[in-house]
Every structure is written in structure tokens, then in C-alpha cells.
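Chemist: So that we are looking at the same thing, I have put the structure below in C-alpha cells.
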Amino acid sequence: MPVLALTRPVSESIARCELTFSSRTPIDVRTARKQHSAYEQALRDAGCTVERLPGADTLPDAVFVEDIALVLDEVAIITRPGAVSRRAESSAIAERLAELRPLAKMAAPATLDGGDVLRVGRTLYVGRSTRTNRAGHEALTDITAPLGYEVIPIEIGGCLHLKSAASWLGEDRVLVDPARVRPTDFHGLETFPVPEGEGAAANALRVGDTVLVAEGFPRTRSMLENAGVKCHAVANTELAKAEGGLTCCSLLLECSGMPGENP
Ligand code: GLY
């Protein structure tokens, strides 16, 4: 099935992004945009059609579309992001997703960021983070249990989202940073711990038969390639300063009728 990747441009105001665990350091918007375009090209190279949603320069974190929705085959769930500053990002995403899936919307008091949801088949591992609260876990369960999904809470430490520290590699394989998640929490899955000192490499994006990995983490890449994983390294130095990883910058949907690209 063809895969549609929804993205959104890097906002002019990215320097005013939310930060939870990192200190603020200057972000070069031009470089960030160049790296983001290369990321979109990597998605195309992996077989996606990329559709760039309209930019939102007044919303600093708008590039991180993953947090605003969780798209399953049956439904697109519009989340209620944990950071108040990010809630205005939802309308543009919801408008487009409504054309592609039935919508479900989370409401107060639930908060949930899509970056906290790691899907493996019909299991949704959900981080207990500063962004995703207990009501968010419950709301997600209420929406997805009738569709046959199981929601499993995962404790995380010292990072923004679950997917800052764990990513799906395909089949039953998960890349983890053992400093921030317990590999044993992923019962029944094969876990690949990132080498010490490469914790930031634990956010990787499986798309088609490829895994996009952040450039600059050669030991993680070698480990994955030795395990037969096809990797494509993508530079992410600028958005990493905004606590954004590779999964954060797209929403992937399997779609039968594919629209044209608007890069
Ligand atoms: N800067 C990404 C986030 O905090 O949501």
C-alpha cells in the first residue's frame, strides 16, 4: 500500500520552541530548513509521497506534526498536546486528516503527544511523560480498545517523549536507549540497545523497508546494519536542539488513492 507522509515546514519562530530537557541554544533556521528538505527527500527515496501542509510561522513547534495526531488504519486521533503553546497546531492537521480517515478528538483533561506513542502492530506502547497524562492514556484506550488495540504504559526517564528513547525498527524489533527506558518493558519484542554515548540515536523512523537514522551515530548504524536493517542517515542537528527527532517530523499513512505532491 502506498504511504503518504504529511510534513510541515520549519517555522521562522523555531528558536522560541518548547524545551523541557535541553538548554536553549541557537538554531540556524536556514540549515534547519535544508535538513528538513533532505529528510523529506529521504522519505520519498523510501517510497513515500510527501505532502507538505501549510506553514505556520507563528507556531514555533509546527514542524513536529507527529505530536498532533495518531493515525491508525481505522481512525486519525487528534491529540490534545501537553504543551498549551502547541494546541493551535491541531486545526490544519485535523482539516487534512479528516479527508483521509474518520477523526476522533481527545478532550480535556486528557493530554497526549503523538511522540509518546510507539505502535507495534496492534499494540500501542505509550510513554508516561510530562506531556501525556493518565487521562490521555485512558482516552487513547477508550478510542482504540474497541478497534482491537492494546495500550501499554511505559515509564520513561530524562527525555521528552517515549520515542525519544525507543523506536520501531520493523517486525518485532525495537531500538531502545536503556538509559531512558527499560528494554524488558517491551515484552516479547527483540530490543536493540543503542551503544553508550549514542542515546540520541534511539529516535529512528521505519518507512518502507528503510530505517531513517540520525547522522552522527556510527555505532548505532553499524549495529543496525549488522542486524540486516537498511539504514539511511539524515542530518538532524538543528531540530535536535528543539528536542525534535526523525519520527517527530512526519505523519505516515497508508493510503489507496494517492494525491499529487506539493513540495
Ligand atoms: N520542541 C518540541 C516540543 O517540546 O514539543
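The values are calculated or read from the model by the stated rules, or taken from the named source; none is laboratory data. Note that the structure is predicted; figures quoted are calculated from it, not measured. Heads up, the Cβs are rebuilt from the backbone with ideal geometry, glycines too, and the neighbour counts pull from every protein chain shown. Note: accessible area is taken over every heavy atom of the protein model, side chains too, but ligands, DNA and RNA are not part of it. Shrake-Rupley method; radii C 1.70, N 1.55, O 1.52, S 1.80 Å.
Chemist: How many residues are assigned to a helix (DSSP H, G or I), out of contact with any Pro (no Cβ under 8 Å at 6 or more places or on another chain) and not hydrophobic (A, V, I, L, M, F, W, C) when one looks only at the stretch 200-221?
Modeler: Looking only at that region, the number is 2.
Chemist: Going by what's in this entry, would Gly197 be described as in a loop (DSSP other than H, G, I, E, B), more than 16 Å from the ligand (Cβ to nearest atom) and under 30 Å from Ser13 (Cβ atoms)? Before you say what the answer is, go through the steps one by one.
Modeler: Working: in a loop (DSSP other than H, G, I, E, B): yes; more than 16 Å from the ligand (Cβ to nearest atom): yes; under 30 Å from Ser13 (Cβ atoms): no.
No: the conditions fail for Gly197.
Chemist: Among the residues of the stretch 169-179, is there at least one that is within 22 Å of Ala83 (Cα to Cα) and out of contact with any Pro (no Cβ under 7 Å at 6 or more places or on another chain)? Please lay out each step first, then the result.
Modeler: Start the filter on the stretch 169-179 by keeping residues that are within 22 Å of Ala83 (Cα to Cα), which leaves none.
No: the stretch 169-179 contains no residue that is within 22 Å of Ala83 (Cα to Cα) and out of contact with any Pro (no Cβ under 7 Å at 6 or more places or on another chain).
Chemist: Which residues, taken from the stretch 79-92, are crowded, with 22+ Cβ neighbours inside 10 Å, closer than 18 Å to Ala139 by Cβ and either near the ligand (Cβ under 10 Å from one of its atoms) or of a type outside the set (S, T, N, Q) (or both)?
Modeler: Residues satisfying the conditions are Arg80, Pro81, Gly82, Arg86.
Chemist: So which residues in the stretch 150-178 are within 16 Å of the ligand (Cβ to nearest atom) and open to solvent by 50 Å² or more (accessible area, probe 1.4 Å)?
Modeler: Our first condition is that a residue be within 16 Å of the ligand (Cβ to nearest atom); within the stretch 150-178, this holds for 156, 158-165.
Matches in the stretch 150-178: Gly158 only.
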